[in-house]
Amino acid sequence: MNFSIERPWVLYGLLLLIPYVYFMSSRFARIMKNLGPHRSLAKDSAVFTRTRSSFVPSTFLRCLAWVMIVLGAAGISWGANYVPVQKNGRALSLVFDISHSMEAEDAPGDMTRLRAAANYADSLLEHIPYTSVSVVLAKGEGVVAIPLTEDLESVRTLLYSLSPNLMTAAGSSLGKGIETAINSFPVQSSQSGTIWLFTDGEETDGTLANALTEAMKFGIPVTVIGFGSEREISVLAGDGKTQVKTALRSESLEQTIATVKEKYLQKAGDSPTTPDLFYIDASVLGSANKVLDSFAKKAPGSSWQNQVYGSDDETSVVYELETVDRHNLFILLAIVFIAASFIFGELTIPVSYLKKKRIFASSVLAMTFLLSGCSEDIADGASILSGKLNWNRKKYQDSVASFMSVAENAEERGDSAVKDYALYNLATTYLMQNENEAAEKRYKEISPDADEKIKFSTLYNLGILSHRNGDYAKAADYFKNALLVDSTNMNAKINLELSLNEVETHARVQEQVLTPVTQNTDEPNASENSLYSTIREDEQNRWKNQQQETESSELDY
């Protein structure tokens, strides 16, 4: 069972029970002391017994309520739960072991292990376009050499300059390299992360197992690729003088991976999916195909050569393993205990009913544990509330997980109302992350018979999406349909007018582009007419002058 406390310092609040119990005990002692002299005047001599029997359980129940409040505020979690997270596209982190053992020249072609790893990684990068890639160097510590980028040329430039001299730290910490790679993926990223570790298996701190467990917890597949020969070879240590023996530790790597998988399955139980975690020797024929197949998550039997990895429209669902937060249970128990304390403390119940009070207490406890399981509707409501709170805190990934879980549960029960509400919140969360395609897809899954508020908001947001995409006519249609649901919404009216204006503006621009400069190319324009008129006048004047000269010459002759 996974048990964790998010805020352990809150448990100090339990110390407040000491002054509370002391105060209540002193108050009860004073009340009994004051009633003592008048005991003979009381009509019912059992009043003292009833007072005593009411004080003790009511005080005890209020203390229990405070304990539940403190435990809930401390963030106690236990148990494990799979949270589905939708991912678009892929991100890859290349982790290179650049310790001095990787300088051993026992790779194929008498290359060093590090040079062979660089060549191997370069050949893999050729088959994964549209993928964000980061590079992490593991030597003593893990360092991000290149953050996530789609500029693969910069990655290749670094690959061919890999050397143990890039870092001065001593030793080889593969675990810290994996942890750094996990942290290189942004928390709110919509891309599905994958880690490739290039190593010979030589590590000095034994942190690899814990790091692989952490990667599986976040649903991040890890492929460990081994380089070198299993026959030991001598290399110089970091001091440049000491000779040390090194070899490819395939057996150690495989044993570590098997142990991590076993522990993960013990904690996870029945899992919807398990992240890929395996070791492969780079010298084995077809190893690159296996690595690419795992990266693509494709169906068995299909050819990886026919698939483009990491395309922008690739969508996948990753299940992250999270401990179950139990604060709702503790708050429910606190409410029950407070209510029970008032029942025991304020109501006057005859002594003959004390046995019934015990029965009532047992019933309250039984009801509490029954309610702690919660019905599916209550659980979905709590998940939606949790998603809303995370949305307000801008923890959109957690919100997506909550809303997606509710939508799946509602679909299994056939509860269309809850499903529509969850889908609307899920789509709106995608919209806030600028995942427009995913948001539009979820909006269109909402039933046409949904609640009017959800229906209006869905049409309105679809109009916003269409306007963003430049489809103004479609946006105008969505805003019209939204106004048919709620004709009083001023924002929808304004957006409808803006969309219609955009449609008219673009129509005029198209007309100007398509209209020719002249309708009839056979007819000269005004400037041409003016020019031709001038030429004709000059020709006529010249002809007249020639005629006059001819007539005068004839007369003279």
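The values are calculated or read from the model by the stated rules, or taken from the named source; none is laboratory data. In this text the structure is predicted, and so the values were computed from the model without any measurement. Backbone-built Cβ (ideal geometry, glycine too); neighbour counts: all protein chains shown. Areas reflect the complete protein model, heavy atoms only, side chains present, ligands, DNA and RNA absent. Shrake-Rupley method; radii C 1.70, N 1.55, O 1.52, S 1.80 Å.
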Residue pairs, Cβ under 6 Å, 6 or more apart or interchain, first in the stretch 245-267 and over 18 Å from Asp281 (Cβ atoms), second not polar (S, T, N, Q). List them. Lys245/Glu232; Val260/Ala209; Val260/Leu212; Tyr264/Met216; Lys267/Ala80
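Does the stretch 417-426 include one or more residues that are touching a Leu at 6+ places or on another chain (Cβ under 8 Å), of a type outside the set (Phe, Trp, Tyr) and open to solvent by less than 60 Å² (accessible area, probe 1.4 Å)? Can you show your working first?
The initial filter retains those residues of the stretch 417-426 that are touching a Leu at 6+ places or on another chain (Cβ under 8 Å), namely none.
The answer is no, given that none of the residues of the stretch 417-426 is touching a Leu at 6+ places or on another chain (Cβ under 8 Å), of a type outside the set (Phe, Trp, Tyr) and open to solvent by less than 60 Å² (accessible area, probe 1.4 Å).
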Quickly run through the stretch 104-124 and pick out the residues that are in a helix (DSSP H, G or I) and out of contact with any strand residue (DSSP E or B) (no Cβ under 9 Å at 6 or more places or on another chain). Pro108, Gly109, Asp110, Asp122, Ser123
Of the residues that make up the stretch 313-334, is at least one among the aromatic types (Phe, Trp, Tyr), modelled with pLDDT of 60 or more and either open to solvent by 60 Å² or more (accessible area, probe 1.4 Å) or within 24 Å of the chain's Cα centre (by Cα) (or both)? no
Which residues, counting only those in the stretch 223-243, are assigned to a strand (DSSP E or B) and out of contact with any Leu (no Cβ under 8 Å at 6 or more places or on another chain)? Ile233, Ser234, Val235, Leu236
Among residues belonging to the stretch 12-58 that are in contact with a helix residue (DSSP H, G or I) (Cβ under 6 Å, 6 or more places away or on another chain) and modelled with pLDDT of 85 or more, point out the one that is most open to solvent (accessible area, probe 1.4 Å). Leu14
Would the stretch 239-249 turn up any residue that is open to solvent by 60 Å² or more (accessible area, probe 1.4 Å), in contact with a Gly (Cβ under 6 Å, 6 or more places away or on another chain) and either at pLDDT 85 or above or among the charged types (D, E, K, R) (or both)? yes
Assuming Ser163 fulfils every condition listed in (1) in contact (Cβ under 8 Å) with a residue 40 or more places away in the chain; (2) open to solvent by less than 20 Å² (accessible area, probe 1.4 Å) apart from one, which condition is it? (2)
Those residues of the stretch 89-115 which are crowded, with 22+ Cβ neighbours inside 10 Å and farther than 15 Å from Gly201 by Cα amount to Arg90, Ala91, Leu92, Ser93, Leu94
When (1) out of contact with any strand residue (DSSP E or B) (no Cβ under 7 Å at 6 or more places or on another chain); (2) modelled with pLDDT of 80 or more; (3) not charged (D, E, K, R) are applied to Met404, the one that fails is (1)
If His100 meets every condition in (1) out of contact with any Lys or Arg (no Cβ under 8 Å at 6 or more places or on another chain); (2) within 25 Å of Val21 (Cα to Cα); (3) at pLDDT 75 or above apart from one, which number is that one? (2)
Can you tell which of Asn409, Asn425, Asn461, Asn495 is over 24 Å from the mean Cα position of the chain (by Cα), free of Cβ contacts under 8 Å to residues at least 60 places away in the same chain and in a helix (DSSP H, G or I)? Asn495
Looking for whichever is under 22 Å from Leu253 (Cβ atoms) and not small (Gly, Ala, Ser) here; the options are Ile178, Ile128. Which one fits? Ile178
